[in-house]
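The next block holds one structure in the form of structure tokens; read it before the comments.
The values are calculated or read from the model by the stated rules, or taken from the named source; none is laboratory data. All values derive from a computational prediction rather than experimental measurement. When we count neighbours, we look across all protein chains shown, and the Cβ atoms used for this are built from the backbone with ideal geometry, even at glycine.
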Amino acid sequence: MAHIKLDEKLPGIRGLFAFRPETALPMSELVEVLLHTPGTLSMGERELIATYVSAQNDCFYCQSAHGAIAAIHLDGDEDLVRQVKQNFEQANVSNRLKSLLAIAGKVQQSGRKVTAEDVERARKEGATDQEIHDTVLIAAVFCMCNRYVDGLATWAPQDADAYRQRAAPVARDGYIKAVQAYVKTA
């Protein structure tokens, strides 16, 4: 049971956004820019970064939601999502993404753990400054979101199909449209 009174039909961050709609749009706009706009990292790669950080933070709702979205962007490859969460260095992803996931993992622990060597590894694997920047920001934003969701003890569906069903429209239409569907802002 959540620590505050939330709409019982809306799990995770969705219930929190409905509770305080004035925070929903700015947070969704940031996530939209980071995960759903065109970029040199694919939407699937960026969703994998969010999923990995959420898994490291043990946030079941966020790792499940973003893992399902990542899988859609990765042609349904749920096994790859599991590989990244369990051991990204052994996962079937590019060395560039592995180097960025290493940075994201350090940010998850503490931003100060990211070293010049981590950044140099990413550059050697072809990562641009914007990709490095966005990786750090994705990791930081998802640490915040994970703590928001879990800090207020929101509920999370245990059925993977619930996440798959919700993932399809988000993967297609983005985060702002998804939030507007259930949050009425003044």
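To keep it simple, each residue is scored yes or no on (1) over 12 Å from the mean Cα position of the chain (by Cα); (2) under 21 Å from T135 (Cβ atoms).
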{"position": "G12", "(1), (2)": "yes, no"}
{"position": "P21", "(1), (2)": "yes, no"}
{"position": "E45", "(1), (2)": "no, yes"}
{"position": "I69", "(1), (2)": "no, yes"}
{"position": "R96", "(1), (2)": "yes, yes"}
Check E47 against each of (1) touching a residue at least 12 places away in the same chain (Cβ under 8 Å); (2) closer than 16 Å to L137 by Cα; (3) surrounded by fewer than 23 Cβ atoms within 10 Å (Cβ to Cβ); (4) out of contact with any Cys (no Cβ under 9 Å at 6 or more places or on another chain) and name the one condition it does not meet. (3)
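Being of a type in the set (A, V, I, L, M, F, W, C), surrounded by fewer than 17 Cβ atoms within 10 Å (Cβ to Cβ) and either closer than 13 Å to I72 by Cβ or within 17 Å of the chain's Cα centre (by Cα) (or both) is the filter here, so list the residues in segment 163-186 that pass it.
The first filter runs over segment 163-186 and keeps only residues of a type in the set (A, V, I, L, M, F, W, C), leaving 167-168, 170-171, 176, 178-179, 181, 183, 186.
Cutting the leftovers down to surrounded by fewer than 17 Cβ atoms within 10 Å (Cβ to Cβ) gives us 168, 176, 181, 186.
A168, I176, listed by residue number.
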Determine, yes or no, whether Y61 is surrounded by 17 or more Cβ atoms within 10 Å (Cβ to Cβ) and under 21 Å from Q165 (Cβ atoms). yes
Filter segment 121-149 down to the residues that are touching an Asp or Glu at 6+ places or on another chain (Cβ under 8 Å) and surrounded by fewer than 18 Cβ atoms within 10 Å (Cβ to Cβ) and list them by number. none
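Residue-by-condition table, conditions (1) at pLDDT 95 or above; (2) out of contact with any Leu (no Cβ under 8 Å at 6 or more places or on another chain); (3) within 30 Å of K5 (Cβ to Cβ):
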| residue | (1), (2), (3) |
| --- | --- |
| S110 | yes, yes, no |
| A127 | yes, no, no |
| V149 | yes, no, yes |
| D159 | yes, yes, yes |
| Q165 | yes, yes, yes |
| A178 | no, yes, yes |
| K184 | no, yes, yes |
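Touching a residue at least 12 places away in the same chain (Cβ under 8 Å) and more than 23 Å from A65 (Cβ to Cβ): is that true of V114 in this structure?
Details: touching a residue at least 12 places away in the same chain (Cβ under 8 Å): yes; more than 23 Å from A65 (Cβ to Cβ): yes.
Criteria met by V114.
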